Amino acid sequence: MTASITNKSVETLSTASPATASTQPQPADQQARVSIIIPIYNAADHLARTIDSVLAQTYPSIELVLIDDGSTDDSPAIVDEYAARLGTQHCVAVHQANAGAAQARNAGLDAATGDLIMWLDADDWMEPDWVAMFVDAQQSSGADIVACGKTSSADDTRLLQHPDPLEAYLLNRVEKTMWVTCAKAQVYEGHRFESFTIGEDALMLCHLMWGVQTLCIIPRTDGYHYEDVSTSISREQRLGNRLDWPKRANAELAFIESACPQYRRLALFDIMRGAGVMYRSTKRLQVPNQEQQTKQHLLAILRRYICRGILRPPVKYMKPADYRQILVALRDLLC
């Protein structure tokens with residue numbers, strides 16, 4: 001799962017590739033400490049498997065950060081069991097009243113003490129070399145953030161320098177989920193997840209990508225496994241949850257217009273792409289009769305986002321795949 005790093009925007013890199021770094025391990029007390037934050041809400045059915053996948057990592061210097069967000073099942077007991085077994089040096093356990101995904105993630109950031117931050121959903125699990133792959137890439141490149149790209153080709157592994165990380169994010173060249181990132185802890189300083197019911201992790205990434213100096217993109221792999229369950233703290237998809245998506249989109253556009261207005265068209269195109277995904281899934285969503293009017297209102301808002309992106313494409317940044325996105329968007333409007 002490791003790959004060598006090539007340069008796109010930076011003149012020089014460490015001479016050691018991730019593969020070389022992994023064959024010359026440092027003593028555990030000298031290695032970067034990785035805090036893996038797991039926000040938890042009613043995940044008792046899968047939580048032990050999730051935590052065990054962290055304990056099975058080949059990378060040795062890991063701090064487990066378990067945030068119980070007011071669970072009403074057996075999750076709190078499972079958290080306490082692992083915390084007692086592992087001890088405070090290796091596991092931080094926090095129990096809080098239910099406050100939602102964003103506040104659970106913020107609590108994780110507050111509790112973490114590691115040099116690097118990674119994330120894991122309470123229903124998901126990692127392959128044993130998942131953390132080592134990210135740490136190898138971060139240590140050999142020195143990047144502020146390491147994130148998986150959209151392809152599995154090793155040729156796409158590259159290091160981007162500010163402002164290219166934000167361009168890569170807005171052009172959908174990297175995965176837009178916290179679960180496939182590894183960032184220096186200081187990258188999160190001054191940042192908080194906003195309390196949207198959907199997409200708060202993507203908005204956080206947008207802010208981080210503008211603030212960092214360097215982003216290392218590595219190939220997408222099969223090392224992270226998703227469990228698609230309705231109780232997931234990040235994937236519960238009722239109609240009511242989706243109503244926050246326009247607020248999240250507006251927050252992204254407002255941030256871009258304030259921080260880097262030259263990327264406004266990129267932001268509109270990014271929002272168009274996301275609105276299309278939300279539009280298609282919302283159309284398929286079965287809702288009771290009393291929610292039909294709300295559903296149609298949301299679909300109308302999403303169509304407006306799609307139209308804005310089509311009418312103002314960021315042509316100078318676009319590749320053939322991006323033009324295909326416009327065709328997909330047009331199909332959404334016409335079908």
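The values are calculated or read from the model by the stated rules, or taken from the named source; none is laboratory data. Everything numeric here is computed off the predicted structure, so don't read it as measured data. When we count neighbours, we look across all protein chains shown, and the Cβ atoms used for this are built from the backbone with ideal geometry, even at glycine.
Taken over region 319-335, the criterion of being surrounded by 16 or more Cβ atoms within 10 Å (Cβ to Cβ) and under 15 Å from ARG173 (Cβ atoms) is satisfied by ASP322, GLN325. Among the conditions (1) under 16 Å from the mean Cα position of the chain (by Cα); (2) more than 27 Å from GLN213 (Cβ to Cβ), PRO128 misses just one, which is (1). Taken over region 119-156, the residue count meeting the criterion of being surrounded by fewer than 23 Cβ atoms within 10 Å (Cβ to Cβ) and among the hydroxyl-bearing types (Ser, Thr, Tyr) is 3.
If the condition is being of a type in the set (A, V, I, L, M) and within 18 Å of ALA249 (Cβ to Cβ), then region 290-325 contributes LEU298, LEU299, ALA300, ILE301, LEU302, ILE306, ILE310, LEU311. Is there a residue in region 283-306 that is within 15 Å of PHE269 (Cβ to Cβ) and free of Cβ contacts under 8 Å to residues at least 40 places away in the same chain? Yes, some residue in region 283-306 is within 15 Å of PHE269 (Cβ to Cβ) and free of Cβ contacts under 8 Å to residues at least 40 places away in the same chain. With respect to the stated conditions, ALA83 is at pLDDT 95 or above, more than 25 Å from THR197 (Cα to Cα) and assigned to a helix (DSSP H, G or I).
Counting only helices (runs of 4 or more DSSP H) that sit wholly inside region 113-226, those with at least 2 residues that are closer than 25 Å to CYS260 by Cα are 164-170, 200-211.
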